[in-house]
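Read through the structure below, which is laid out as structure tokens, and then see the notes.
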Amino acid sequence: MQRFLVITLPHWSVTARARLVQAPVVVVVRRKGALMVHAASRQARADGVERGMPLAQAKALLQCEPHELEHDPAADHRALHTLARWCHRISPLVQLVHDDDPAALVIDLTGLERVHRGEDRLLVRLRSHMDRFRVECTLWTASTQAAASAAGWAAPSGHDGIIKHGEERWRTRACPVSALRIDPELVAMLHEVNVRTLDDLRQVQRAQVAPRFGQRLLDRLDAIQGLVLEPFRAIRCVPDIQGEVIFDGPCPQVEALCRAMQSCFEQICTQLQDRGRGARTFTVRVQCSDLPQHAWTIRCTQPIRSWDAVRPLVLPSLQDLPLGHGVEGVQVIARSLRRVAPVQVGLQGTRTAGEHGALWIDSLRERFGADAVCVPRVRAVRRHAWHEGTVAIDAFTEGDRDGVDGVNRIDDAHGMHGVDPTRASMHALASEPSCPWPRPERITVTRHGPDAPWPTPPAHFLWRGTAWHILGCQGPQRLAGAWWHAQDPGTRDHWRVHAAPSTVDPSGDHAWLALVRHDDGSWWVHGAWT
């Protein structure tokens, strides 16, 4: 028979970040430009502060100035994951349920009754730990996850209980319908038809519930009695790896400290190699006899599992470390474990260029700080311009498709006829304009090009108040737009045109321009070649 323990955390946003604050705590979130209360501490709720209330109204109800916190779902999830790791001492199977607020932990207790000497003793011991941690929660055990979750949702904080097998229906009859963890809109719809508890919902004919409120509502109701199976996705926490060296007595020598540090890292690296993993974070702790504990963190760009790779980051920190009367112990903890693919190295065991670059970056971070080294980040832009990584459609092909040497080439077309963009050969991209402009400039077409079943550049156009005519062109280069975005700029044809002002001698001033035709038929100049 399966047994589950559900730890319901109704106010987890406050508990995770401000459980030690003595003043009233209010977690706010911005909705439609206004600050609303997302969660409140026990003191704030005692003064009448509720979730969904405007912050100004909450301040008017409180007797003193509250401690405001901005809602951070990522921080709440990390704190919940930490609590789940602590709960692994109860059972190896722990599931996270994080629906913003409330959060919950589902623990599988199947086969562990004799380990904990009964569920009642387990709840008493776990309640003492939660009170010591100052965590507001309810602890309920049942044969199904839904029954324990519904009972924990309906019970106030600090009220625990045990639901025996076969008692799930009548023990949850007075629970509100919101205990099924359904959408608030669906809860409001049920309240409109005077369905407020699970007993009221069971009185309604099932044939009328599914068409109006959905089949998921019935599934959640049947899961309380075990008629519908619920998935259980246990988290898998990889334990931290640590190495430790304890001295027989205080040792004031720096050389001995360096040797002990190397021994700790060698212990860690041996375990990492056995697991096929590498660590990106190392926490170093040095305990002195008459000084506070020294602790610092070393962060690496790539997963590391060798002492030679981390030695340049560790030894410089030990030279200026105050040791007092001596060091009593050294401890190193490896965190942020990642899988490392096996690498075939040479006989000399030399590192690759990527490892040297990662070590150089890590050295800069240790010397100047974590915020001193930045990495480029690719972001989407709306500007449609020439860029590397695309292919070009040649405007004119002389002879065979391939050149004399068998390599595709781009030839200049001393004319304006061009080729059909849909049937042209694919060649390497021509050079990008040496002077791309931040904003394209529109031109006015005064004379269109020769008639062709595909768009061709204009023969004459006005640009910057001057009349221009085209002597030759190369293109088109068809670039597709960002079709995955809602506002797709569309497909545009880029041309490299050789133009000259019409008012001067053709042998005089010339310009190579990047001419682009948009889908609406307009022509724009995006840049120039110098």
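It is to be established whether one or more residues within region 89-104 are part of a helix (DSSP H, G or I) and out of contact with any Pro (no Cβ under 6 Å at 6 or more places or on another chain). Walk me through how you get there before you give the answer.
Within region 89-104, the first condition is being part of a helix (DSSP H, G or I), and the residues that meet it are 89.
Filter once more, keeping what is out of contact with any Pro (no Cβ under 6 Å at 6 or more places or on another chain): 89.
Among the residues of region 89-104, at least one is part of a helix (DSSP H, G or I) and out of contact with any Pro (no Cβ under 6 Å at 6 or more places or on another chain), which makes the answer yes.
Could you tell me which of the residues Ala295, Ala309 is surrounded by 13 or more Cβ atoms within 10 Å (Cβ to Cβ) and not basic (Lys, Arg)? It would help to see each step written out before you state the result.
On the way: Ala295 fails: surrounded by 13 or more Cβ atoms within 10 Å (Cβ to Cβ).
Ala309 is the lone residue from the list that is surrounded by 13 or more Cβ atoms within 10 Å (Cβ to Cβ) and not basic (Lys, Arg).
Just checking, which of Arg311, Arg259, Arg277, Arg285 is of a type in the set (Lys, Arg) and free of Cβ contacts under 8 Å to residues at least 40 places away in the same chain?
Details: Arg311 fails: free of Cβ contacts under 8 Å to residues at least 40 places away in the same chain; Arg277 fails: free of Cβ contacts under 8 Å to residues at least 40 places away in the same chain; Arg285 fails: free of Cβ contacts under 8 Å to residues at least 40 places away in the same chain.
Only one candidate passes the filter, namely Arg259.
With the structure loaded, tell me whether Cys300 is in contact with an Asp or Glu (Cβ under 7 Å, 6 or more places away or on another chain), hydrophobic (A, V, I, L, M, F, W, C), in the same structural domain as Arg335 (by TED's automatic domain parsing) and touching a residue at least 12 places away in the same chain (Cβ under 8 Å) or whether it fails that test. Before the answer, list the steps.
Values: in contact with an Asp or Glu (Cβ under 7 Å, 6 or more places away or on another chain): yes; hydrophobic (A, V, I, L, M, F, W, C): yes; in the same structural domain as Arg335 (by TED's automatic domain parsing): yes; touching a residue at least 12 places away in the same chain (Cβ under 8 Å): yes.
When the stated conditions are applied, Cys300 passes them.
Can you work out which of the residues in region 1-52 that are under 20 Å from Leu105 (Cβ atoms) and hydroxyl-bearing (Ser, Thr, Tyr) is farthest from the chain's Cα centre (by Cα)?
Thr8
When the residues of region 439-482 are narrowed to those that are touching an Asp or Glu at 6+ places or on another chain (Cβ under 6 Å) and either buried (at least 21 other Cβ atoms within 10 Å of the Cβ) or not in a loop (DSSP other than H, G, I, E, B) (or both), which ends up modelled with the lowest pLDDT?
Arg478
Determine whether Val228 is in contact with a helix residue (DSSP H, G or I) (Cβ under 6 Å, 6 or more places away or on another chain), of a type in the set (Val, Ile, Thr) and part of a loop (DSSP other than H, G, I, E, B).
For Val228, the condition - in contact with a helix residue (DSSP H, G or I) (Cβ under 6 Å, 6 or more places away or on another chain), of a type in the set (Val, Ile, Thr) and part of a loop (DSSP other than H, G, I, E, B) - is met.
Show me the helices (runs of 4 or more DSSP H) entirely contained within region 112-159 in which 1 or more residues are loosely packed, with under 13 Cβ neighbours inside 10 Å. Please lay out each step first, then the result.
Numbers: elements: 113-116, 119-133, 145-154.
Result: 113-116, 119-133.
Which count do you get for residues in region 209-244 that are surrounded by fewer than 16 Cβ atoms within 10 Å (Cβ to Cβ) and within 30 Å of Ser336 (Cα to Cα)?
Selection size over region 209-244: 10.
Out of all the residues in region 59-72, is one or more under 30 Å from Ala234 (Cα atoms), surrounded by 16 or more Cβ atoms within 10 Å (Cβ to Cβ) and in the same structural domain as Gly158 (by TED's automatic domain parsing)? Please lay out each step first, then the result.
From region 59-72, those under 30 Å from Ala234 (Cα atoms) are 70-72; that's our starting set.
This time we only want the ones that are surrounded by 16 or more Cβ atoms within 10 Å (Cβ to Cβ), so: 71.
So of that shortlist, the ones also in the same structural domain as Gly158 (by TED's automatic domain parsing) come out as 71.
Yes, region 59-72 contains at least one residue that is under 30 Å from Ala234 (Cα atoms), surrounded by 16 or more Cβ atoms within 10 Å (Cβ to Cβ) and in the same structural domain as Gly158 (by TED's automatic domain parsing).
Filter region 166-192 down to the residues that are outside any helix (DSSP H, G or I) and more than 41 Å from the chain's Cα centre (by Cα), then identify the one that is surrounded by the fewest Cβ atoms within 10 Å (Cβ to Cβ). Lay out the reasoning, then the answer.
If we filter region 166-192 for residues that are outside any helix (DSSP H, G or I), which is where we start, we get 166-167, 172-176, 181-183.
If we keep only those that are more than 41 Å from the chain's Cα centre (by Cα) as well, we get 166-167.
On the way: Gly166: 10, Glu167: 13.
Here the answer is Gly166.
The values are calculated or read from the model by the stated rules, or taken from the named source; none is laboratory data. From a predicted model like this one, the values you see are computed outputs, not experimental measurements. Cβ atoms come from the backbone with ideal geometry, glycine included; neighbour counts cover every protein chain shown.
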